[in-house]
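Structure first, then comments.
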Amino acid sequence: MSNLFRLLTLLLALSGSVEIIQAQAPHLEILEERAFKQAAAFVNPSIVRIETVGGQDRVGKLITGTGPTSGVIVSRDGLIISSAFNFIGKPSSILVTLPDGRRFPAQNVATDHLKMLTLLKIDAQNLPVPLAIPESEIQVGMWSIALGRTFELDQPSISVGIVSALERIWGKAIQTDAKISPVNYGGPLVDINGRVMGILVPLSPGASAETAGVEWYDSGIGFAIPMSDVLKVIPRLNTGKDLYPGLLGITLTGQGDLSTDMKLDRVRYGSPAQEAGVKAGDTLTQLDGNAVAMHSQVKQVLMNKYAGDAVSLVVKREGAAEPLSFKATMVEKLVPFESGFLGILPQRTAINQVEAGVGIRFIFSKSAAEEAGLKSGDRILEFNQQKVSDPGALALLVNHLRPEETAELLISRDQKQQTVKVILQSPPHTVEAELPTQALPSRTAAENQKDKIKTGHLKEELPGSESTYWAYIPENYNPDYEYGLMVWIHPPGNTMESTIFNEWKSICEQRGIIIVGPAAEDVIRWNRDETEFVKEVVESMRKRYQIDNTRIFLLSHGDGSEFAFDLAFKYRELFRGVAVSEATLNNKPPETDPDYPLSLYFVLNAANPLNQLLQPQIEAIREMNYPTVFELIKKEDPAGQYLDKTRLEAIGRWADSLDRI
Amino acid sequence: MSAVKSVSASSQSTIEYALPRLVKIFGAGGVKNLYGYSTGFLVSPQGHIATIWSPVLDTDRLSVVLHDGRKFEAEVLGAEPHLDLAIIKLKSERELNLPCFDYKEKVTAGPGTRILGFSNMFKVATGDEPVSVLHGVIEARTELPRRRGAFELSYSGDVYVVDAITNNPGAAGGALLTYDGKLLGMIGKQVRNAKTNTWVNYSLPIDVLSKSIEQIITGKFDSSEDQKKPEMDAPQRYRPVDFGLVMVPDVLYRTPAYIDRVLPDSLVAKAGLQPDDLVVFVNDELINSCKTLNTELGQLESGDLLRLVVRRNNQLISIEFQVPPENK
């Protein structure tokens, strides 16, 4: 360079003409071009070609390529890193060709599902490991050259761009505007000196599927996993175990990455966060020692961690003077929690009646309680050495245990106390064929009238609201006892008020259930924001009547069901059941939570084409551990008719057992 | 005055040099996915233009607009469908003296070479506006692996694949130049790469086109089409069993070519192949399924050297023998 400079000065001095000098010195563009080629040549011996044999021709909607892909040598003794995308078809055999033409069969050692890398091993020695650029030297705006070995064996393919950004996709990747596609996935992104910056992979900020980000190929938005991160993870991959993104089990209250609401909405039961001691309602202030004030900052830390990695959290908790610190180890999978089930229905007692323990009203057939020899009329006094004063306390204990766990009960039978051991089971996906009603001391309409308690079929509206609702309170309503509440969500276009009233009246009287039927402001459709109104209706009913919180459920038919599920999933603390007829599940249910048990009930005519759709859904929600009754009506009911007596009674028995423990 | 200017030294001077040599072509089309426009570049001072052979030219009312807005009618002088090449000529009463590219200089370039792509992509240039310029580098010079069935493309041979998005509607027939002003090729059509199933940006190399351009202009053209053998189905001269190989049943879309049995005393038995060996290469062609094995073996001729590479456990084993005469 200094020679050139001297030459320039000399020329200037001699001729005084600038044009001559320009003609002599190669243009900057040409020098740059030379540098691109030299960078490629420098790293060339470390880029391998990968070919696969067999495997699926399609992954999702994507047709997998059959062509060769690229990889980079990372150890002298045969370790090769590549993009996991190159193996999504699960090929039965992998072959690696070195730039010198030597071919080797390769073993798929392990895959990193967080950074989408796959480590291969070939049986070779003295391989050229490329030089990596120190991560601190990588800067936005630097030349970045993407290389692959898919076209020709003797020369790598070259695409040139600049570093567009660092720490993209939640801290995982370098972004470049060089053209990244299956032509160079698995190949290196190098700097102008041929030092490796990272390994090219498809990534997407919103999705994590194995093909995510491929839709951005050649778009000027491409990604590479920094080489320092790749080298860090190779010893872990080399043990042969796949690595997975780590999960913590928390959900924040606000929505969107820019939200600054750092209150924890949910802490999933049984998740690392919950086991560490973090609670819903806590406000997250720090992660791994860094202050976090926005959702995106939380993702930046958590979405760049593997299962098995530790994370430290600091939260503010209401009532705690000092911030609280926790340490959690992230996991690969959050297992849906399944509550244990004892198999009893508690006695419904008068509100002011005080008696020790929980009386048993009914024993479920083949349940843990039946196996252990419990009988209706027994009283449960203690559960695992803890006194239980009411059904709620007992339910809390049982729900937080899992099926197969054992418990010791202290019961009293015929004035005598005894201990019983039970092995808890899973809540059933069925309805009891027989469930005797529990007769409550009834009152007459006149008595209720005297106490100014409205009973019968009512039409009302909330104060200050345009929307109306109807209700039915059994004439024999007794305010000394708690009642179930059935919230009827009508299908769009038809309130079905008289049908529901007529069909359900007697069942509700027998089983102690109050009906309430809010009407959509425009009967044609339910608006999403009307969930608030329905909630207020339910709240107002709870204020005016004695309602058993464990027996509030939603009932719907046809297209009204979507709104019913919206309500159930939004207000989990309010609803304990959803029963729908002629409908499928269009909303993704949240994970189960022992504090908010939710039971589901589906009735569908076998002739309904939705059948095909519903069957796998039922399987999926049962897999999520929601107790789900599914009844398929085999006979040809005339179209458009509401459910017959038998079906209604079955739903009635289910509703009457929502307080099961 | 020579029509060919001396080599320029920078991208800016190259662009200045090239734009007057590019033309916008308007012809048949305009329905569905058929664009009624394309691009061409001048290859003689008399108004010969090299462009892509496409349905756009299939009209009596072909018009060409120069960079300065001058509009000419044009006629197709000749075409070489195997190269996707057509030469059209401007109709003019007067002798024309237009700037043009030197197509005879058979320039080639390798990966990493900076390129400029000139084309009337998406018809954004109108009237006296020059065509659009894109920049990038050559990714590779390679044989184009086209996705069969997706596009009818007769050319098979080397192309330049570039990392600029050059192959857009109407861009075909445009020019690919080095930064220092050398004509490298003609921008091709829109096709997908069969091996990766992604769109590929390619140009036909000028060293491949050069001879045909000259022949069409000088009227000495003899299309290779006439000499070309009629398309035949892939030959099926040999099957695996002819060498003593019984493969596993071909039940999948891509059934790996595992050997099920080896016939005793056969050629492959003598060479030491065994059941459960996976055939991975036949004469350096990757065998990724039983189907490709059949295709590759079918093309062999008596006396050819057959080199088979199989994978056994974690080793590659290579065998060779001469292909015996066909069993009629």
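Residues are listed down the side, and each one gets a yes or a no for (1) within 17 Å of A:TRP504 (Cα to Cα); (2) outside the structural domain of A:ASN549 (by TED's automatic domain parsing); (3) part of a strand (DSSP E or B):
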{"position": "A:LEU604", "(1), (2), (3)": "no, no, yes"}
{"position": "A:ALA607", "(1), (2), (3)": "no, no, no"}
{"position": "A:GLN615", "(1), (2), (3)": "no, no, no"}
{"position": "A:GLU619", "(1), (2), (3)": "no, no, no"}
{"position": "A:ASN625", "(1), (2), (3)": "no, no, no"}
{"position": "A:PHE630", "(1), (2), (3)": "no, no, yes"}
{"position": "A:TYR642", "(1), (2), (3)": "yes, no, no"}
{"position": "A:GLU649", "(1), (2), (3)": "yes, no, no"}
{"position": "A:ARG660", "(1), (2), (3)": "no, yes, no"}
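Exactly one condition in (1) touching a residue at least 60 places away in the same chain (Cβ under 8 Å); (2) at the interface with another protein chain (Cβ under 10 Å from one of its Cβ atoms) is not met by A:ILE94; state its number.
(1)
I'd like to check something: does the range B:150-169 contain any residue that is buried (at least 22 other Cβ atoms within 10 Å of the Cβ), closer than 30 Å to A:ALA39 by Cβ and more than 14 Å from chain A (Cβ to nearest Cβ)?
Taking every residue of the range B:150-169 in turn, none turns out to be buried (at least 22 other Cβ atoms within 10 Å of the Cβ), closer than 30 Å to A:ALA39 by Cβ and more than 14 Å from chain A (Cβ to nearest Cβ).
Yes or no: A:SER389 of a type in the set (Gly, Ala, Ser) and more than 28 Å from A:VAL267 (Cβ to Cβ)?
Numbers: of a type in the set (Gly, Ala, Ser): yes; more than 28 Å from A:VAL267 (Cβ to Cβ): no.
Here the answer is no, as A:SER389 does not meet what is asked.
Return the only residue of A:ILE145, A:ILE133 being more than 10 Å from chain B (Cβ to nearest Cβ) and in contact with a strand residue (DSSP E or B) (Cβ under 9 Å, 6 or more places away or on another chain). Let's see the steps before the verdict.
Numbers: A:ILE145 fails: more than 10 Å from chain B (Cβ to nearest Cβ).
Exactly one residue qualifies, and that residue is A:ILE133.
Residues that are free of Cβ contacts under 8 Å to residues at least 12 places away in the same chain, out of contact with any helix residue (DSSP H, G or I) (no Cβ under 7 Å at 6 or more places or on another chain) and either under 30 Å from A:ILE30 (Cβ atoms) or of a type outside the set (Lys, Arg) (or both): does the range A:200-210 have at least one?
Filtering the range A:200-210 down to residues free of Cβ contacts under 8 Å to residues at least 12 places away in the same chain leaves A:206-207.
Those still in the list that are out of contact with any helix residue (DSSP H, G or I) (no Cβ under 7 Å at 6 or more places or on another chain) too: A:206-207.
Applying the additional criterion that residues be either under 30 Å from A:ILE30 (Cβ atoms) or of a type outside the set (Lys, Arg) (or both) yields A:206-207.
Looking for residues that are free of Cβ contacts under 8 Å to residues at least 12 places away in the same chain, out of contact with any helix residue (DSSP H, G or I) (no Cβ under 7 Å at 6 or more places or on another chain) and either under 30 Å from A:ILE30 (Cβ atoms) or of a type outside the set (Lys, Arg) (or both), one finds at least one in the range A:200-210, hence yes.
State which residue is surrounded by the fewest Cβ atoms within 10 Å (Cβ to Cβ) when the search covers only the range A:554-576 and only residues that are aliphatic (A, V, I, L, M) and not in a helix (DSSP H, G or I).
Here is the first cut: in the range A:554-576, the residues aliphatic (A, V, I, L, M) are A:554-555, A:564, A:567-568, A:574.
Pick out the ones that are also not in a helix (DSSP H, G or I) and you get A:554-555, A:574.
Details: A:LEU554: 28, A:LEU555: 24, A:LEU574: 19.
Going through the qualifying residues, I end up with A:LEU574.
For the range A:246-343, give me every one of the strands (runs of 3 or more DSSP E) that falls completely inside it and has 1 or more residues that are within 28 Å of A:LYS232 (Cα to Cα).
Values: elements: A:250-252, A:264-267, A:283-287, A:310-316, A:324-329.
In the range A:246-343, the matching strands (runs of 3 or more DSSP E) lie at A:250-252, A:283-287, A:310-316, A:324-329.
Got at least one residue in the range B:256-275 being in contact with a Lys or Arg (Cβ under 6 Å, 6 or more places away or on another chain), assigned to a loop (DSSP other than H, G, I, E, B) and surrounded by fewer than 21 Cβ atoms within 10 Å (Cβ to Cβ)? Give the steps one after another, and end with the answer.
Start the filter on the range B:256-275 by keeping residues that are in contact with a Lys or Arg (Cβ under 6 Å, 6 or more places away or on another chain), which leaves B:275.
From what's left, assigned to a loop (DSSP other than H, G, I, E, B): B:275.
Adding the requirement that they be surrounded by fewer than 21 Cβ atoms within 10 Å (Cβ to Cβ) leaves B:275.
Within the range B:256-275, one or more residues are in contact with a Lys or Arg (Cβ under 6 Å, 6 or more places away or on another chain), assigned to a loop (DSSP other than H, G, I, E, B) and surrounded by fewer than 21 Cβ atoms within 10 Å (Cβ to Cβ).
So, in the range A:490-510, how many residues would count as being polar (S, T, N, Q) and in contact with a Lys or Arg (Cβ under 9 Å, 6 or more places away or on another chain)?
So the count comes out to 0.
Being of a type in the set (D, E, K, R) and either more than 25 Å from A:ASP229 (Cα to Cα) or in contact with an Asp or Glu (Cβ under 6 Å, 6 or more places away or on another chain) (or both) is the filter here, so list the residues in the range A:63-89 that pass it. Give the derivation first.
Taking the range A:63-89 and keeping what is of a type in the set (D, E, K, R), we get A:76-77.
Scanning the range A:63-89 gives no hits.
Name the residues in the range A:422-460 that are among the β-branched types (Val, Ile, Thr) and closer than 30 Å to A:ALA369 by Cβ, would you?
In the first step, residues of the range A:422-460 are kept if they are among the β-branched types (Val, Ile, Thr); the result is A:422-423, A:430-431, A:437, A:444, A:453, A:455.
Of everything in the range A:422-460, those that are among the β-branched types (Val, Ile, Thr) and closer than 30 Å to A:ALA369 by Cβ turn out to be A:VAL422, A:ILE423, A:THR430, A:VAL431, A:THR437.
Could you tell me which residue of the range B:176-192 is modelled with the lowest pLDDT, considering only residues that are within 22 Å of A:PHE36 (Cβ to Cβ) and buried (at least 24 other Cβ atoms within 10 Å of the Cβ)?
At the first step, the residues of the range B:176-192 found to be within 22 Å of A:PHE36 (Cβ to Cβ) are B:176-185, B:187.
Checking which are buried (at least 24 other Cβ atoms within 10 Å of the Cβ) leaves us with B:176-177, B:179, B:183-185, B:187.
On the way: B:LEU176: 98, B:LEU177: 97, B:TYR179: 94, B:LEU183: 97, B:LEU184: 97, B:GLY185: 97, B:ILE187: 97.
Checked the range B:176-192; the qualifying residue modelled with the lowest pLDDT is B:TYR179.
For the range B:299-328, which positions are over 17 Å from A:ILE122 (Cα atoms), within 14 Å of chain A (Cβ to nearest Cβ) and crowded, with 16+ Cβ neighbours inside 10 Å?
B:LEU308, the sole residue that qualifies.
Take residues that are free of Cβ contacts under 8 Å to residues at least 24 places away in the same chain and tell me which of the strands (runs of 3 or more DSSP E) falling wholly in the range B:46-128 contain 3 or more. Show your work before the answer.
Details: elements: B:48-52, B:62-65, B:71-80, B:85-90, B:114-119.
Those strands (runs of 3 or more DSSP E) span B:71-80.
So how many residues does the range A:162-181 have that are at the interface with chain B (Cβ under 8 Å from one of its Cβ atoms) and of a type in the set (Gly, Ala, Ser)?
Of the residues in the range A:162-181, 2 are at the interface with chain B (Cβ under 8 Å from one of its Cβ atoms) and of a type in the set (Gly, Ala, Ser).
Of all residues in the range B:280-298, count the ones that are away from chain A (no Cβ under 12 Å) and modelled with pLDDT under 85. I'd like the intermediate steps shown before the answer.
Here is the first cut: in the range B:280-298, the ones away from chain A (no Cβ under 12 Å) are B:282-283, B:294-298.
With the extra rule that they be modelled with pLDDT under 85, the set shrinks to B:283.
The total comes to 1.
Applying the selection to the range A:91-123, what residues are part of a loop (DSSP other than H, G, I, E, B) and within 26 Å of the chain's Cα centre (by Cα)? Spell out how you get there, then give the answer.
Just the residues of the range A:91-123 that are part of a loop (DSSP other than H, G, I, E, B), to begin with: A:91-92, A:98-102, A:113-116, A:123.
A:HIS113, A:LEU114, A:LYS115, A:MET116 - these are the residues of the range A:91-123 that are part of a loop (DSSP other than H, G, I, E, B) and within 26 Å of the chain's Cα centre (by Cα).
Does A:THR349 fit the bill of being at pLDDT 95 or above, farther than 11 Å from A:ILE661 by Cβ, out of contact with any Gly (no Cβ under 6 Å at 6 or more places or on another chain) and surrounded by 14 or more Cβ atoms within 10 Å (Cβ to Cβ)? Break it down into steps so the answer makes sense when it comes.
Working: at pLDDT 95 or above: no; farther than 11 Å from A:ILE661 by Cβ: yes; out of contact with any Gly (no Cβ under 6 Å at 6 or more places or on another chain): yes; surrounded by 14 or more Cβ atoms within 10 Å (Cβ to Cβ): yes.
For A:THR349, the condition - at pLDDT 95 or above, farther than 11 Å from A:ILE661 by Cβ, out of contact with any Gly (no Cβ under 6 Å at 6 or more places or on another chain) and surrounded by 14 or more Cβ atoms within 10 Å (Cβ to Cβ) - is not met.
Within the range B:257-279, work out how many residues are touching a Pro at 6+ places or on another chain (Cβ under 8 Å), more than 21 Å from B:PRO324 (Cα to Cα) and within 14 Å of chain A (Cβ to nearest Cβ).
Residues of the range B:257-279 that are touching a Pro at 6+ places or on another chain (Cβ under 8 Å), as a first pass: B:259-262, B:267, B:278.
Subset that is more than 21 Å from B:PRO324 (Cα to Cα): B:260, B:278.
From what's left, within 14 Å of chain A (Cβ to nearest Cβ): B:278.
Looking only at that region, the number is 1.
Could you tell me whether any residue of the range A:639-657 is more than 28 Å from A:TYR571 (Cα to Cα) and β-branched (Val, Ile, Thr)?
Of the residues in the range A:639-657, the ones more than 28 Å from A:TYR571 (Cα to Cα) are A:639-641, A:644-646.
Retained after the next criterion (residues that are β-branched (Val, Ile, Thr)): A:646.
So far as the range A:639-657 goes, yes, one or more of its residues are more than 28 Å from A:TYR571 (Cα to Cα) and β-branched (Val, Ile, Thr).
Modelled with pLDDT of 90 or more, facing another protein chain (nearest Cβ under 8 Å) and not in a helix (DSSP H, G or I): which single residue out of A:GLU51, A:GLU32 fits that description?
Details: A:GLU32 fails: not in a helix (DSSP H, G or I).
Only one candidate qualifies: A:GLU51.
Please state which one of A:ILE234, A:ILE199, A:ILE225 is buried (at least 17 other Cβ atoms within 10 Å of the Cβ), farther than 18 Å from A:VAL160 by Cα, modelled with pLDDT of 95 or more and in contact with a strand residue (DSSP E or B) (Cβ under 7 Å, 6 or more places away or on another chain).
Selected residue: A:ILE234, the only one of A:ILE234, A:ILE199, A:ILE225 that is buried (at least 17 other Cβ atoms within 10 Å of the Cβ), farther than 18 Å from A:VAL160 by Cα, modelled with pLDDT of 95 or more and in contact with a strand residue (DSSP E or B) (Cβ under 7 Å, 6 or more places away or on another chain).
Kindly indicate whether any position in the range A:292-303 is more than 30 Å from A:SER144 (Cα to Cα) and surrounded by fewer than 20 Cβ atoms within 10 Å (Cβ to Cβ). Reasoning before the result, please.
Pass one, the range A:292-303, residues more than 30 Å from A:SER144 (Cα to Cα): A:292-295.
If we keep only those that are surrounded by fewer than 20 Cβ atoms within 10 Å (Cβ to Cβ) too, we end up with A:293-294.
Yes, the range A:292-303 contains at least one residue that is more than 30 Å from A:SER144 (Cα to Cα) and surrounded by fewer than 20 Cβ atoms within 10 Å (Cβ to Cβ).
Quick check: anything in the range A:511-527 surrounded by fewer than 16 Cβ atoms within 10 Å (Cβ to Cβ), of a type in the set (A, V, I, L, M) and assigned to a loop (DSSP other than H, G, I, E, B)? It would help to see each step written out before you state the result.
Of the range A:511-527, the ones surrounded by fewer than 16 Cβ atoms within 10 Å (Cβ to Cβ) are A:522-525, A:527.
If we keep only those that are of a type in the set (A, V, I, L, M) as well, we get A:523-524.
Those left that are additionally assigned to a loop (DSSP other than H, G, I, E, B): A:523-524.
So far as the range A:511-527 goes, yes, one or more of its residues are surrounded by fewer than 16 Cβ atoms within 10 Å (Cβ to Cβ), of a type in the set (A, V, I, L, M) and assigned to a loop (DSSP other than H, G, I, E, B).
Going residue by residue through the range A:191-206, is there one that turns out to be assigned to a loop (DSSP other than H, G, I, E, B) and among the basic types (Lys, Arg)? Break it down stepwise before answering.
Here is the first cut: in the range A:191-206, the ones assigned to a loop (DSSP other than H, G, I, E, B) are A:191-195, A:202-206.
The next check asks that each one be among the basic types (Lys, Arg); those that pass are A:195.
Yes, the range A:191-206 has at least one match.
Among the residues of the range A:54-88, count how many are more than 13 Å from chain B (Cβ to nearest Cβ) and at pLDDT 95 or above.
The number of residues fulfilling the criteria is 11.
The values are calculated or read from the model by the stated rules, or taken from the named source; none is laboratory data. These figures come from a predicted structure and were not determined experimentally. In this analysis, Cβ positions are derived from the backbone assuming ideal geometry, glycine residues included, and neighbour counts consider all displayed protein chains.
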